[in-house]
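Everything below concerns the one structure shown next.
The values are calculated or read from the model by the stated rules, or taken from the named source; none is laboratory data. Since the model is a prediction, treat every value here as computed from it, not as a measurement. Ideal geometry is used to build each Cβ from the backbone, glycine not excepted, and the neighbour counts take in all protein chains shown.
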Amino acid sequence: MSARIPNAAWVRAAALAGAAALSVPGAVLGAGPQQLERGKYLFDAGGCANCHTDAKNKGPLLAGGRALKTPFGIFYGPNITPHPEFGIGRWSDADFIRAMREGVSPAGEHYYPAFPYTSYTRMTDRDLLDLKAYIFSLPPVARPSRDHEVSFPYNIRLGLALWKALYFEPGPLSPDEARPPEWHRGRYLAEALTHCAECHTPRGWLGGLDRDRWMAGAAKGTGPDGEATPNITPDPEAGIGQWSLEEVAEVLKTGTLPDGDEVGSLMYDVVGNGTSRLTDADRRAIAIYLKSLRPIPGPGGGE
């Protein structure tokens, strides 16, 4: 028979055990293997590592640092590891959902739309919580986020409330009863998780998406990092209208275009860290959705 542990000692032992569990990567209270597996899939689909990891300088996963150049300044992906001070380790489920769906921090500050909450807002609660569970299973990194380099007047966050009133459409997505399940899956993946429109839809002078030219590409100087992005509507001349479903899915899987060329720039990372890790069924669903869009002629920006 074991010796009885005094109450005070038992409390101390339990606290130490809890602290040890929280310090071990992969230890997420209440998150089972299935939830973490789903969260990892969503993490890849969302391209989280692309913006929140300084891969160029071999920085730690999700510890921040990647620069995104825009007409409004340079934005740096913040540390979103579960570190309690430098990351998001103190965020509650409600904090995470609010950030992703409303673009508002736990402190009540508006996020710049360089963080594509404008697309993530369309995600379901379950997917958001599974994504959070996976992120919180990763190693915390004690590295402060880098300040954005944004000049006046764009550095005044209060102005983002007006921007949201003009351009932000909060989710989640509403179903289109006339469409089949495969189309709905493709729309959810393209509009919410992989957030295709954030790069492939032109923006107005205040950075709002031009929904009249949905997925029609961005001209040089206006896309992410100042680069042009291609038209991915099914227009036969400017877009992907002559591509088969299989060819669209192949681009998402391998980055190889129908003419044998390869995707470049940001799309290289999107494929390598994201769409290449989706299932064949999900890549086909995205292709079905894209091919169903309204064809929009030029200008597009190239691959």
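Assorted remarks:
- Search result, residues across the range 252-282 that are within 16 Å of residue 195 (Cα to Cα), more than 15 Å from the chain's Cα centre (by Cα) and of a type in the set (A, V, I, L, M, F, W, C): 252
- Selection of the range 88-120 for residues being touching a residue at least 60 places away in the same chain (Cβ under 8 Å) and among the polar types (S, T, N, Q) yields 118, 119.
- Selection within the range 121-149 - among the small types (Gly, Ala, Ser) and in contact (Cβ under 8 Å) with a residue 60 or more places away in the chain: 133, 137, 145
- Answer from 282, 259 - the residue that is of a type outside the set (Ser, Thr, Tyr) and either in contact (Cβ under 8 Å) with a residue 40 or more places away in the chain or over 18 Å from residue 238 (Cα atoms) (or both): 282
- Single residue of 225, 210, 235 found to be modelled with pLDDT of 95 or more and not small (Gly, Ala, Ser): 235
- Apart from one condition, residue 200 fits all of (1) within 22 Å of residue 166 (Cβ to Cβ); (2) surrounded by 22 or more Cβ atoms within 10 Å (Cβ to Cβ); (3) touching a residue at least 60 places away in the same chain (Cβ under 8 Å); the exception is (3).
- All helices (runs of 4 or more DSSP H) inside the range 95-180 with 3 or more residues being surrounded by 14 or more Cβ atoms within 10 Å (Cβ to Cβ) and at pLDDT 95 or above: 117-120, 125-135
- Residue among 213, 203 that alone is touching an Asp or Glu at 6+ places or on another chain (Cβ under 7 Å), within 25 Å of residue 118 (Cα to Cα) and not β-branched (Val, Ile, Thr): 203
- Qualifying positions in the range 52-76 - crowded, with 22+ Cβ neighbours inside 10 Å, outside any strand (DSSP E or B) and touching a residue at least 40 places away in the same chain (Cβ under 8 Å): 62, 63
- Some residue of the range 229-246 being touching a strand residue (DSSP E or B) at 6+ places or on another chain (Cβ under 7 Å) and more than 15 Å from residue 285 (Cα to Cα): yes
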